[in-house]
Structures are given as C-alpha cells and as structure tokens.
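*Asks:* First, the structure itself, so that you have it in front of you.
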Amino acid sequence: MFKLLKTEGTARRGQFSCAHGGTVQTPVFMNVGTQGAIKGGVSAHDLKEIGCQIELSNTYHLHLRPGDDVVRQMGGLHKFMDWDGPILTDSGGFQVFSLAALRKIKEEGVQFASHLDGHKIFMGPEESMQIQSHLGSDVAMAFDECVENPATHEYAKASCERTLRWLERCKTEHDRLNTLPDTVNPKQMLFGINQGSIYPDLRVWHMQQIAKIDCEGFAIGGLAVGESAEVMYEIIDAVEPYMPKEKPRYLMGVGTPSNIIEGVARGVDFFDCVMPSRNGRHGKLFTWEGTVNILNEKYKTDPSPISESCQCPACRSFSKAYLRHLFKADEVLALRLAVLHNLYFYNELMAKIRTALDEGTFGDFRAKYSGVLEQRV
RNA sequence: GGGAGAGUUCCAGAGCGGUCAAAUGGGGCAGACUGUAAAUCUGUUGUCUACGACUUCGGUGGUUCGAAUCCACCCUCUCCCA
C-alpha cells in the first residue's frame, strides 16, 4: 500500500507498506541481490547496517539456481537469505533483453536457453508469476519484454502491445496464486511495467492501457539501455502525467546518482541499479565530491578514507591506500568494502533526497548535486 | 677437469635470415560498466621534434643487400659426468 506524504513540484515523498519489513520510505533505492545475495560478498545482514530498506532479486536467475521450488521448500526467499525487509522480484523481463542471443520471443512467452548449461526454459507471464509466488517476494513484477535500443517504432509497438497482453495474463495468474491455501506470501503485490522504447506516443498509449489494470504500482522499464540521459528524461516526462498519482512509480534499472535525482524530480519513487555493486567491484566508488577510481596510482599512498564525510564500514576504518592494495592483491575484502561503500552512498543519497523533500528543499538539493556527483575526483 | 644447454623488450616466454619494436601470458597504467551470462570487458605498455625517425633481443667483432635469428671469440648462468 502506498501513501503519498508530500510533493515538491513533480517530486514525491511517500511511504510504501509491505507484508515484510513494514513501511518503506520513498523515494527509495532497492539494493540489487539478483541471486539472493549482493555480489561482492554482502549479506542480508550487511544490508541492515548500510541503511537498505528493500532488496531486489531475480526470477530467472533464482528459477535456474537453486530453483524456485527449492526456495519455496526453504520457506521463501526472505527466510532463505535471512532478510526480513521487503523484497521485490524482477520478472525475467530484463533477461529477455540481456540474454537476447539465448532466447526466442513468442506470444505465449519466451523460450530461453539457460546461460548456465543451455537447457531449454520456457517463461511466459504465468510461469514468471508462479516462480515469483514460490519465492514469496513482497512485490512481483509483471513479465515484460525489455526492448533493446534502438528499436523501430513498428517493433516497439508490437512489443508493447504484447507486453500489455502479458500483463493481463500476469494479473489473472497473480490473483489466482495469491488465493491458493499454501501460497508463500498471500499479500504479494504486482507492479505493471510501461514499455514503448523511445517513442512518446507508444509510451503514453501503453501507460494509459496498463493503468486500467489493477496493479499496486507501475514501473517504467526499457530505459537506460543505450539511449541518452536526455531521451530517458523526455520519456519519463511524457509518461509521468499518465501514471496513477496514488500508486508508486518505479524507474527500472536506473541509475547513476544524477539519474536518480533527475528521476525523483520527475516523480519517480523507486529505483534499482546494478551500478553501485558492479562499479564497486570494479573499483569505481561514489562520493559526495564525485567518483573515485580507487585503482588509480595517485591513491597508492593516500592515507585518507574514500570519503571523509562517509560513515560506511570501509570509510570508518580504512585508507584509500589500503583499499587500493586489497584490489591490487585480489583480496575479496576489497570487493566487499567497495560494494558496502557504494550501497551506503546510494542509501544515504536517498535519505538526503527524502529529507530535502520533507523540508521542501529538494530543488536546492538537485541544483547542488545533480552535476557534481558524476565528476571524477 | 670433461660434456650438454641457455642468455629476448618490467617478468615469464615465443621467434631462429627480410613481412620484428618483436607472438602470448603476467605485471603496470588508463577507460568502460544503468530491472547483473560482468571479482568482467576494452585500450595501452622502448625512445622521439611521432601517418615518420631512432636505439633495442648478454658483450665484441664478422658474414650478408639485410641479423634477435648465421659464424668467431669473450662473459654469465643451468644441468650431467668426474
């Protein structure tokens, strides 16, 4: 359930209640744990420590390994990974995009060749809903096609029409699954996903159609897949007026700190992105002064923490020189500390955005930080 | 003392007459990364007055139009037999 607390222009400050973990304060960044763990050696327990409110996992990946039947048998994903906060599961729709070479799309659904061993997996709206039901997440995402960029108007139109039909099927199956007596999480919610590539007419039409379906929230998908940030912002601007005001909006897979600030300014409540964890593993660290590539030679004997103002587990105790050494020496601790730092930064970013919205100073915040956060330090 | 083999660009290690500033790894330096097939991938790594030039393959001298590659001697190292 979503409650809109305050607005500043298009930007929104809200609360989202789930069966697990109570209330999520929005805007929020969902920390990505695709396979039920944050890559880089970060556990659900660590997520608590760095201010994470809600975690995201993936349907396709957990279906393949260990198998959603296994997760269900273990009591659901919350229990399995020992995370009592909310979990949102992505539907597998992104894998239709990222595993394009290994799949075939049909009206019924998508035939994948497993990226692990090549065996055939069929996933359509019903299968995706069933898997997510087994996982017992708090929010299930509709099964969609994340369309590659560039795509022709013709293809994007046919695709988002199909994604609409898939959403109708998702809704029917989701409602059925929630009423089963042995369902893992009978309070699981469903979010629909807007598609339409970079074409405002398709985006708006598709949003109008999916808004008619009774979902607990709506997402904008298929962005940040190669188009420029300006185009991405134009699409959000075009779609936003057609998104139900009383329901949460989720901009999928976005993004850089600046993208997030700009997304909030355009009325988005939920974000998720691989960037803090992946870039962290690759030594690229986010700070309030800009990004730091900890591998750079200039940090070889730098005794200062990644950021003087940061209270994350890495910055509280370790120097840049030490962290750089850990990376150079291939110590797994390097990845862990870097990912903890980046996720701490992202969660802190969202907390500051919320405070600014509470105080009515988000405009100033945006003006101050939207640019500097991506400069190199 | 006798015999065999080896010395290549930061390291390891190819090359064995021209197409070699020299494969490939590693290391170094830098870049990319946006609902995670990513602890991955890409570029670069002799010098310079830089679409060309110059100095490099243990040392010195030689053969040749041309040598990291062939010859002679020297130096160093490894292994085997005494």
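Computed from the coordinates by the stated procedures, all read-outs in this text should not be read as laboratory data. The shown structure was predicted, so the numbers you read here are calculated from the model rather than taken from an experiment. Here the Cβ is made from the backbone with ideal geometry for all residues, glycine too, and neighbour counts use every protein chain on show.
*Asks:* Based on the Kirkwood radius over alpha-carbon pairs, what value in µm²/s does the Stokes-Einstein equation return for the translational diffusion coefficient of the stretch A:64-164 at 10 °C and 1.306 mPa s?
*Replies:* 109
*Asks:* Right, something else. Using a Gaussian network model of chain A with C-alpha springs under 10 Å, which one of A:Glu331, A:Glu108, A:Glu289 is most mobile by mean-square fluctuation?
*Replies:* Highest fluctuation among the options: A:Glu331.
*Asks:* Between helix A:153-178 and chain A, what is the angle of the helix's C-alpha long axis to the longest principal axis, kept within 0 to 90° and rounded to the nearest 10?
*Replies:* That works out to roughly 80 degrees.
*Asks:* May I pose another question? With labels modelled as points extended 7 Å from the Cα through the Cβ direction, what inter-label distance (nm, one decimal) is found for A:Lys39 paired with A:Glu359?
*Replies:* In this crude label model, A:Lys39 to A:Glu359 measures out at 3.6 nm.
*Asks:* Work the Kirkwood hydrodynamic radius out for the stretch A:202-343: mean of 1/r over every pair of different alpha-carbon atoms, inverted, in Å. Show your work: numbers first, answer last.
*Replies:* Details: mean 1/r = 0.0589 Å⁻¹.
Evaluated on the stretch A:202-343, it is 17.0 Å.
*Asks:* List the trypsin sites (Lys or Arg not before Pro) within the stretch A:1-105 that DSSP assigns to loop and that have no more than 13 neighbouring Cβ atoms inside 10 Å.
*Replies:* none
*Asks:* Then there's this: Taking the stretch A:229-317, which trypsin sites (Lys or Arg not before Pro) meet the DSSP loop condition and have no more than 12 other C-beta atoms within 10 Å? Write down the numbers at each step before the final one.
*Replies:* Working: sites: A:Lys245, A:Arg249, A:Arg266, A:Arg278, A:Arg281, A:Lys284, A:Lys298, A:Lys300, A:Arg316; in loops: A:Lys245, A:Arg266, A:Lys300.
Qualifying residues, ordered by number: A:Lys245, A:Lys300.
*Asks:* Right, another one. Once both axes come from the Cα atoms, what is the angle between helix A:229-239 and the longest principal axis of chain A, in degrees from 0 to 90, rounded to 10?
*Replies:* 40
*Asks:* Search the structure for amide H atoms under 5 Å from the amide H of A:Thr287, placed 1.01 Å from N in the peptide plane, and list their residues when 5 or more places away or on another chain.
*Replies:* The answer is A:Val292.
*Asks:* Using just the Cα positions, wrap the stretch A:263-377 in a convex hull and report its mean projected area in square nanometres, one decimal place. All intermediate terms of the calculation are to be shown ahead of the outcome.
*Replies:* Details: hull surface 28.2 nm².
It is 7.0 nm².
*Asks:* For A:Val372 and A:Ser114 in one chain, what is 0.36 nm times their gap in residues minus the Cα-Cα distance, to one decimal in nm?
*Replies:* 88.8 nm
*Asks:* Okay, next question. Could you give the Stokes-Einstein D for the stretch A:125-281 in µm² per second, using the C-alpha Kirkwood radius, 10 °C, 1.306 mPa s?
*Replies:* This corresponds to a translational diffusion coefficient of 100 µm²/s.
*Asks:* Could you check how many percent of all C-alpha pairs in the stretch A:1-123 are farther apart than 23 Å?
*Replies:* 43
*Asks:* Which shape class applies to the stretch A:300-346: rounded if a/c is under 1.5, otherwise prolate when a/b exceeds b/c and oblate if not, where a ≥ b ≥ c are the square roots of the Cα gyration tensor eigenvalues?
*Replies:* oblate
*Asks:* In Å, the Kirkwood hydrodynamic radius of the stretch A:328-377 over pairs of distinct alpha carbons?
*Replies:* About 12.7 Å, per the Kirkwood formula over Cα pairs.
*Asks:* May I pose another question? Within the set A:Lys187/A:Lys247; A:Lys247/A:Lys368; A:Lys104/A:Lys171, which residue pairs have Cα atoms separated by over 25 Å?
*Replies:* A:Lys247/A:Lys368
*Asks:* If I build a Gaussian network model for chain A, linking alpha-carbon pairs within less than 10 angstrom, which residue out of A:Gly196, A:Gly360, A:Gly124 has the largest mean-square fluctuation?
*Replies:* Result: A:Gly360 has the largest fluctuation of those listed.
*Asks:* Bin width 10 Å, origin at 0, all Cα-Cα pairs of chain A: what percent of pairs per bin?
*Replies:* Per 10 Å bin, starting at 0, the Cα pair percentages come out as 5, 24, 33, 26, 10, 1, 0.
*Asks:* Using Cα-Cα distances under 8 Å and only pairs 6 or more residues apart, what relative contact order does chain A have, in percent? Don't jump to the answer; show the numbers that get you there.
*Replies:* On the way: 779 pairs, mean separation 65.7, N = 377.
In percent, rounded to a whole number, it is 17.
*Asks:* Can I ask one more? Which number do you get for Rg(Cα) / (2.2 N^0.38 Å) in the stretch A:1-45?
*Replies:* Working it through for the stretch A:1-45, the quotient is 1.48.
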